[in-house]
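Quick notes on the structure that follows.
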Amino acid sequence: MPSSIPVPLAAYIADCLAPDTQTLVTSVLTTPSPWLSLRLLYATLYGVDDGPRHAQQTGHEVVFVSLLRPLSLWAEMGKKMGLDFASLLRNRRITYVDGLTGGIPSTAATASTIEADTRQLPTTRPRSITLKDIKDALDDVLRRPSISTSTRPTPSGHLSSSRSADGVFSPRIPPATASPFARSVGEKPLILIDGIDFLLASQPSVSPVELQSFLATLRTKCHGLMLTCQADSPLLHWSSTSGPGHETPLERNHAHFLTGLAHSARWVFQLRGLDTGSAKDVSGVIRVSRGGDRGMYDGVGVDDSPDRSREQDLADGEWLYQLQGDSAVRVWARGE
Amino acid sequence: MSFRKRNVGLTGSAGADGTAQTPPAPQTPPKERVPLPGVRPSPLDGRPTTSTGTASLDALLAGHSGLALGSSILIEESGTTDYAGALLRFFAAEGLLQGHHVHVVGLPEHWGRELPGAVGESEQKEKPAEHTEKMKIAWRYESLGQFGAGTNTRERQQTIPKQTAQNTEPGQAISVPFRHTFDLTKRLVHPASSKLDFVQLGMNPSQSPYIPVLEHLQTSLTRSTTDTIHRIIIPSILSPALYPPQSSQPQYILHFLHGIRSLLAAYPDRMIAIISLPLSLYPRSSGLVRWVELLNDGVLELSPFPHSADGDTQVSRGPAGTTEEPPQGLLQVHRLPILHDRGSGTGISETDWTFTLSRRKFTIRPFNLPPIEGDTEAQQASADLKGKKSDMEF
């Protein structure tokens with residue numbers, strides 16, 4: 001079985017796992033992002049290298065907030081790439097905050113048969129899909145004993161194992177023996193929020209600034225933050241189509257919010273369709289570009305210098321990708 | 001892969017399900033569930049699907065040859081025509097004939113009396129002609145590929161049980177086919193057990209008009225038995241003729257669609273939804289419409305050709321010499337359920353199609369320009385026509 005993480009993206013995804021990193025994934029209507037979210041999730045849990053999987057526990061715990069997509073989708077796609085959501089949820093490696101079925105009474109779980117297995121998994125349901133309730137649910141999750149919210153700086157020993165490709169920062173401990181260190185007390189979870197921009201679109205009372213400050217607070221409590229957003233042109237380029245003054249608050253807020261996120265992210269993964277039409281064997285284009293968060297490490301400390309040199313090695317890049325029926329993803333450069 | 005193994009193991013039980021719908025590809029009724037009326041597994045990955053009531057629309061859905069349960073489709077239409085309405089009527093009529101529970105949002109009850117009737121068994125004799133026509137299309141456009149061919153074989157299979165079962169009552173579950181053919185000039189005779197609900201919007205300007213709708217759907221889904229499929233039909237959403245002014249507020253409409261999505265997620269094997277949206281009032285370039293699209297699993301756009309009404313007679317006896325009816329509009333596929341999200345399905349190489357609505361059926365074909373020799377003639381004809389028309393107008 002091929003590696004779950006596409007080779008061209010591995011170095012970038014590994015870099016996204018550095019502490020205090022914010023990663024932004026944008027997608028458009030024809031190129032949804034679940035496959036990439038799952039690969040980021042996989043890398044967080046098991047590391048980028050497709051090494052011995054039984055030496056799990058190399059990565060971080062994940063708080064996974066899904067606002068627009070059902071757990072059954074994640075479970076179905078995850079299963080095909082080696083993420084067993086059922087056991088990950090039971091082991092508390094993933095804490096799932098279900099923003100989609102929040103309002104539905106859980107008695108519904110007994111009624112259906114097909115997804116019964118995913119229903120009985122421990123998930124957190126916010127009372128409703130408002131910023132306040134999501135905030136409460138996340139605070140609640142982060143307070144739970146299995147995930148420590150200690151503010152001590154994260155010991156970085158466990159992290160290094162996920163970056164053995166890097167010569168400068170090579171792991172002192174091989175992944176297999178790193179496991180005792182992995183679940184250190186001070187470890188903070190990584191938070192992945194799918195569809196955070198829906199909060200902004202569906203609640204005009206929430207301003208982009210409010211949402212950004214929520215995310216900034218969240219960022220201090222977690223190891224890293226990964227966000228997926230929509231970057232469809234009607235949501236961003238309102239000024240070019242309808243002229244200034246004709247945009248609705250929804251469009252204006254979305255553009256401001258997304259731009260802000262891109263500035264505070266280390267890497268931005270953009271998914272979009274082919275510019276030249278559509279093709280049977282190409283699902284879309286993925287572009288990985290540097291976000292605005294590169295100045296953060298300048299002159300901070302000696303520890304970060306490998307990070308910096310490493311980051312400078314990575315250039316922005318653009319590839320084509322194809323999502324295949326068995327959830328495998330082929331990523332290749334143009335002309336390959 | 002693990003899911004393939006499961007397919008192999010359960011093929012036997014698929015043959016015994018009694019619906020006489022056994023396409024050649026391996027299929028799996030997930031787990032050991034009783035077959036639901038009008039539901040069959042997708043030939044590609046075995047997920048349960050049901051028919052939209054329109055054969056060519058089923059064929060368009062990424063090779064699953066039906067709409068996967070738990071997904072929703074948004075049909076956008078520009079202009080003043082109501083082609084999307086026809087698709088919705090077929091969808092409703094199909095649901096009623098399959099014994100599904102049909103919920104129609106925001107429309108008065110007489111809509112239910114105007115549903116198209118199914119073509120009777122005796123009239124099925126016209127079928128062979130349609131088949132040859134379809135065969136030719138499949139031959140001409142190889143890019144149609146798997147699903148074009150797939151539809152053919154499957155339809156031919158269907159006619160066999162239909163014809164042999166002529167003497168049985170049409171309402172019986174045994175003989176009910178996966179998909180019916182409807183005739184727009186007929187009226188549907190509602191089966192005695194049909195469940196058709198018309199859900200009205202709340203008109204209180206201070207709160208969301210969609211609250212009563214979501215409440216109704218939720219209670220009827222929780223109360224119904226596990227073998228009832230619910231079809232949600234939302235015609236012309238946001239149209240000012242039906243919807244109060246505040247309904248296009250993002251906090252109301254987006255929450256409503258999110259609520260529909262939650263229900264679909266909570267009852268993934270018992271619910272499907274179809275929504276139509278008038279694009280003339282809500283252009284695709286607006287952020288709100290884009291969010292509406294993002295909250296649906298499938299998005300299709302219908303753009304009727306402006307001249308189709310008077311072009312009909314010209315082109316039908318035109319150069320091609322075929323009995324094909326001229327296309328009445330452009331159909332663009334922006335997103336398909338299951339395929340785009342989950343990657344499972346046959347990818348299509350084109351997004352542009354044409355559609356033709358005739359008395360009997362809604363046909364979707366690849367969008368091709370006619371051959372050049374004929375084209376000049378047709379162009380002249382249409383130019384003449386346009387000239388005459390403008391003469392008359394001015």
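The values are calculated or read from the model by the stated rules, or taken from the named source; none is laboratory data. Please read these numbers as outputs of a predicted model, since none were measured by experiment. A quick note on method: Cβ atoms are made from the backbone with ideal geometry, for glycine too, and the neighbour counts reach across all protein chains shown. Ligands, DNA and RNA are excluded from the accessible area calculation, which covers all protein heavy atoms including side chains. Shrake-Rupley method; radii C 1.70, N 1.55, O 1.52, S 1.80 Å.
Of the set (1) farther than 21 Å from B:Gly298 by Cα; (2) among the polar types (S, T, N, Q); (3) modelled with pLDDT of 90 or more, all apply to B:Ser276 but (1). Looking at (1) in contact (Cβ under 8 Å) with a residue 60 or more places away in the chain; (2) under 19 Å from B:Ser72 (Cα atoms); (3) of a type outside the set (Gly, Ala, Ser), find the lone condition where B:Leu242 falls short. Against the list (1) in contact (Cβ under 8 Å) with a residue 60 or more places away in the chain; (2) under 19 Å from B:Ser72 (Cα atoms); (3) of a type outside the set (Gly, Ala, Ser), B:Leu242 comes up short only on (2).
In segment A:1-25, the residues that are under 15 Å from A:Ala265 (Cα atoms) form Cβ pairs under 6 Å with partners that are surrounded by fewer than 20 Cβ atoms within 10 Å (Cβ to Cβ) and modelled with pLDDT under 85, at six or more places apart or across chains, as follows: A:Pro19/A:Thr154. The residues listed here are B:Pro245, B:Pro268, B:Pro235; of these, the one that is at pLDDT below 90 and more than 10 Å from chain A (Cβ to nearest Cβ) is B:Pro245. When B:Arg317 is tested against (1) within 19 Å of the chain's Cα centre (by Cα); (2) modelled with pLDDT under 90, only condition (1) is not met. Note on segment A:171-221: among residues that are loosely packed, with under 12 Cβ neighbours inside 10 Å and not in a helix (DSSP H, G or I), the one that is modelled with the highest pLDDT is A:Ser205. Considering only residues in segment B:84-113 that are under 15 Å from B:Leu184 (Cβ atoms) and open to solvent by 30 Å² or more (accessible area, probe 1.4 Å), the one that is modelled with the highest pLDDT turns out to be B:Arg89.
Can you confirm whether B:Ile233 is of a type in the set (A, V, I, L, M) and surrounded by fewer than 17 Cβ atoms within 10 Å (Cβ to Cβ)? Considered against the rule, which asks whether it is of a type in the set (A, V, I, L, M) and surrounded by fewer than 17 Cβ atoms within 10 Å (Cβ to Cβ), B:Ile233 comes out as no.
Among the residues of segment A:251-277, those that are more than 26 Å from A:Leu38 (Cβ to Cβ), within 12 Å of chain B (Cβ to nearest Cβ) and in contact with a helix residue (DSSP H, G or I) (Cβ under 8 Å, 6 or more places away or on another chain) comprise A:Glu251, A:Arg252, A:Asn253, A:Ala255. Considering only segment A:119-139, state which residues are part of a helix (DSSP H, G or I) and either open to solvent by 70 Å² or more (accessible area, probe 1.4 Å) or at pLDDT below 55 (or both). Matches in segment A:119-139: A:Lys132, A:Lys135. Give the residues of segment B:51-108 that are assigned to a loop (DSSP other than H, G, I, E, B) and among the charged types (D, E, K, R), sorted by residue number. Correct list: B:Asp82 only. Selection of first residues in segment A:78-103 that are more than 17 Å from B:Arg342 (Cα to Cα) and of second residues that are open to solvent by 30 Å² or more (accessible area, probe 1.4 Å), restricted to Cβ pairs under 6 Å at least 6 apart or on distinct chains, gives the following pairs, ordered by first then second residue: A:Leu89/A:Pro122; A:Arg92/A:Ser146; A:Tyr96/A:Thr123; A:Asp98/A:Thr123; A:Asp98/A:Arg125; A:Gly102/A:Arg125; A:Gly102/A:Ser128; A:Gly103/A:Ser128. Here A:Val48 meets each of (1) modelled with pLDDT under 85; (2) outside any helix (DSSP H, G or I); (3) surrounded by fewer than 23 Cβ atoms within 10 Å (Cβ to Cβ) with one exception, condition (3). Is it fair to say A:Asp293 is modelled with pLDDT of 55 or more, more than 22 Å from A:His263 (Cβ to Cβ) and outside any strand (DSSP E or B)? So A:Asp293 fails the test.
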